[in-house]
């Protein structure tokens, strides 16, 4: 019931852990609880901000006069029910400001206060005049080819993209002559007829049955070797979800996986499949989010931020490659999309299916503890066999651009047999370092280096350009050494560009295609590269982008170059990341009828990690690693939180973290009866492993606890005091609960 003196408590997109009170806009009706979740524009100092009403309540007695909100932006709440409750949970778990969390959940266009967009689909059709004029159009020209495509039926714009390059200009030309017109139609009208899939093998069928059997929330870990048909399990489970009239959300780790996944899903499911990822513009992202809100989007496939789409008719959530580190947001609100998907699944009372050939140790431990149901796919689908794996000991062997003679011979043999080759090097650029051969000078990033810790700039464009891969700083390579004026500047080490240069010269008879962040910046660039290669013999050179879920049926040889850098690291997660990367990239080989071979080049063939992976596989490694993690009290057996601080000067971050440590230590002392057995341990503050980045000095403090309740209890009590510290206003700081990267 309206309360005349009720005030609106608005969450604003500010890093402040509080709500802001406003009176309703002038002339508007009194506030009610039904207003919670609506956007509104409010004055904030000299600015205007867009916020979300988080609560409605009586004005505080004795409070100063409140300012009026300016205008309502929605007639009904955008955020409500399960999604709003889940976002409140996320704010509590990450200890982030609610206003920032709510803003993160909204597409950028809606954060700016724009109205909800139309969610119809734009399509083109021939007019009667166009059908009559079609025979007279110039044969072979784009307008004629487009008119022929539209002759049978209207086609949506997204569907025309892969069918005809430059169709938009042709469409405008036809429209100018009255031969074609653009129309708005419901997306459901364009859904293709569903196509049957291949028969499932016994393990796939058991996994699908397990998803069907659930009558509410269930966490299921689909643990299947590469090529075992996990996507078929997803498709069957989604088809069942759609048959019940429900929505499905599918998360994938990389934008590069989206086109391939979308094409397969659209062909099989018989409903429009909506994509949501960073490659879309703001309007497109808002349209998909709104279509999901209205229940029109029945299947949404997207990257990390898609976990925030509304699901009023939720039936299933799928997280593909659940182990992937890209599901963790590394700035702003530091959430993990996989973990938040599980929270939403529980709140929505729907199953959550986590899939991976190399599950994270956290997920494996949850399966061992019985919190997840463990579904196994132990062999490849169809006639595909696991690839053979060989270790190439390159000690004392001549290397050309990092490649041994044995590797080059194997590449030639695979190409001559009609197969494709993947050369994997997880370092983009031409070379990691530009070095003076005469005096030892090397090119360092001026924004990321300190006198004690220098950060080399990566060489690009065959030695002509330098770029820092940490902060993006760019510079031209100097013509001579700045220290000794020598002309003996030499790129040292090997990146994907240098390997591409060598292989293009050595194997000029086949296409040599590089896939890394530099070569795939355009829209659908990765899809175009795969389309250009097709099934003909050729060589792909790439970084970890190629290790994630791509299905290349004619790929018979995988060459892994540069294994050794990952074998020795101070990061406790380094072994897990390397093991996952090696298994994933090896799994690209031999996925169809042709046998696959994986060659691992290394100077350390006897290293325990390599031997365990080769002879025991990923699960043997995981079992050993979990024992070590438990002994060291590392995740998944002890939760962590990382307090980071950075500033243009080295002093303020350390001063802030020392003050924060005193606050945290006092809270730990207050919560424990036995000081010798604290519920929480504090390490630091220390300089970050990378002490300077993009011109900012960085320091950090690590918290570990015996349990999550202890960790969050201390943080809940300490953070208000930490926010109030004078030192907190002199530096930029953040809290990362469950950090993936301690760097």
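Bear in mind these aren't lab numbers, they're just calculated from the coordinates by the rules spelled out. Just so it is clear, the model here is predicted, and its values are computed rather than measured. Cβ placement follows ideal geometry from the backbone for every residue including glycine, while neighbour counts extend to all protein chains displayed.
Under a no-solvent Debye model with one identical scatterer per Cα of segment 454-523, what's log10 I(q)/I(0) at q = 0.20, 0.22 Å⁻¹? The computed values of log10 I(q)/I(0) come out as -0.97, -1.09. Going by neighbour counts of Cβ atoms within 10 Å, the residues 379, 323 line up, fewest first, as 379, 323.
Here segment 1-95 carries DSSP beta bridges of which approximately 95% are antiparallel, counting only pairs with both residues inside.
A Förster distance of 45 Å, applied to the separation of the beta-carbon atoms of residue 416 and residue 114, puts the FRET efficiency at 0.20. Among 265, 637, 568, the ranking by other beta carbons within 10 Å of each residue's beta carbon, starting with the fewest, stands as 568, 637, 265.
Please report the base-10 log of the normalised intensity I(q)/I(0) for segment 6-111, using a Debye sum with one equal scatterer per alpha carbon and no solvent, at each q in 0.10, 0.17 (1/Å). Normalising to I(0) and taking log10 leaves -0.25, -0.75. If one computes the Cα centroid of segment 71-97 and of segment 189-248, what distance in Å separates the two points? Comparing the Cα centres of segment 71-97 and segment 189-248, I get a distance of 31 Å.
Average 1/r across all pairs of distinct alpha carbons in segment 599-649, invert it, and you get the Kirkwood radius: 13.8 Å. Using 0.36 nm per residue and subtracting the Cα-Cα separation, the extra length available between residue 379 and residue 92 on full extension is 99.2 nm. Across segment 433-494, Cα pairs under 8 Å and at least six residues apart give a relative contact order of 37 percent. Taking other C-beta atoms within 10 Å as the exposure proxy, 241, 471 rank 471, 241 from fewest upward.
Note on segment 605-743: Rg/Rh from C-alpha atoms, Kirkwood Rh, equals 1.08. Between residue 484 and residue 399, the FRET efficiency from the beta-carbon distance, with R0 = 35 Å, is close to 0.80.
Note on segment 132-223: Cα-Cα pairs beyond 23 Å make up 50% of the total pair count.
Model label points for residue 574 and residue 631, set 7 angstrom from Cα along the Cα-to-Cβ axis, are 1.9 nm apart. Across all Cα pairs in segment 400-541, the calculated P(r) in 5 Å bins from zero up to the longest distance comes to 2, 10, 16, 19, 17, 13, 10, 7, 5, 2, 0 percent per bin. Mean sequence separation of contacting Cα pairs (under 8 Å, at least six apart), scaled by the length of segment 121-185, corresponds to a relative contact order of 55 percent.
In the chain, helical runs assigned H by DSSP with n ≥ 4 each contribute -39500 (n - 2.57); averaged across all residues and rounded to the nearest 500, the mean residue ellipticity at 222 nm is -9500 deg cm²/dmol. The C-alpha atoms of segment 526-623 occupy a region whose extents along the principal axes are 40, 25, 24 Å, arranged from largest to smallest.
Restricting the calculation to Cα atoms, segment 80-121 yields a radius of gyration followed by a Dmax of 12.3, 40 Å. Across segment 399-416, the residues whose backbone nitrogen lies under 18 Å from the label position 7 Å along the beta-carbon direction of residue 437 are 399-402.
May I ask you to compute the full-extension gain from residue 330 to residue 153, defined as 0.36 nm times their residue separation minus their alpha-carbon distance, rounded to one decimal in nm? The span from residue 330 to residue 153 would gain 59.1 nm if fully extended. Taking 18 Å as the cut-off, the amide N atoms of segment 376-398 that come nearer than this to a point 7 Å along the Cα-to-beta-carbon line of residue 206 belong to 376-382. Distance distribution note for segment 121-185: the fraction of Cα pairs above 18 angstrom is 22%. A Förster radius of 25 Å, combined with the Cβ-Cβ distance separating residue 70 from residue 294, puts the computed FRET efficiency at roughly 0.40.
Size of segment 355-408 from its Cα atoms: along the principal axes, largest to smallest, the extents are 51, 30, 15 Å. Largest first and in whole Å, the equivalent-ellipsoid semi-axes of the chain read 41, 38, 28, each the square root of five times a Cα gyration tensor eigenvalue.
Within segment 216-259, which residues have the backbone N less than 19 Å from the label spot 7 Å out from residue 161 along Cα→beta-carbon, could you tell me? 250-259, by backbone N distance to the label point. Looking at the chain alone, DSSP beta bridges between its own residues are antiparallel in about 55 percent of cases.
With contacts taken as Cα pairs under 8 Å and at least 6 residues apart, the chain reaches a relative contact order of 10 percent. Label separation (residue 535 vs residue 650): 6.1 nm, computed from points 7 Å beyond Cα along the C-beta direction. The modelled label-to-label distance for the pair residue 244/residue 41, using points 7 Å beyond Cα in the direction of Cβ, is 4.3 nm.
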